[in-house]
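Just so it is clear, none of the values below were taken in a lab; they were calculated from the coordinates. Being a predicted model, the structure only gives us computed values, none of them experimental. Counting neighbours? That spans all protein chains shown, and the Cβs are built from the backbone with ideal geometry, glycine included.
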């Protein structure tokens, strides 16, 4: 459940940035941290897709 909570928090940060690359840094960091901590979980896979989506 922690992975899902972390993913939702990262999504909130991404939404707050509004697609501006300069402001997406905190969302990128949150997704990277999630991917590193939970690489084989559903949250990790979704974080990987999110990083691709925002241009990482």
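Numbers for the structure displayed
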item	result
Per principal axis, descending, Cα span of the chain in whole Å	29, 18, 13
The chain - mean residue ellipticity at 222 nm from DSSP helices (-39,500 (n - 2.57) per run, n ≥ 4, rounded to 500)	-23500 deg cm²/dmol
Virtual spin-label span in nm between residue 37 and residue 21, 7 Å along Cα→Cβ	2.9 nm
Estimated distance in nm for a label pair at residue 11 and residue 53, the labels positioned 7 Å out from Cα along Cα-to-Cβ	0.8 nm
Inter-site label distance for residue 45 and residue 4 at 7 Å from Cα along Cβ, in nm	1.5 nm
The chain: relative contact order as a whole-number percent, Cα under 8 Å and 6+ apart	35 percent
Residue order, fewest to most surrounding Cβ atoms within 10 angstrom, among 29, 41	29, 41
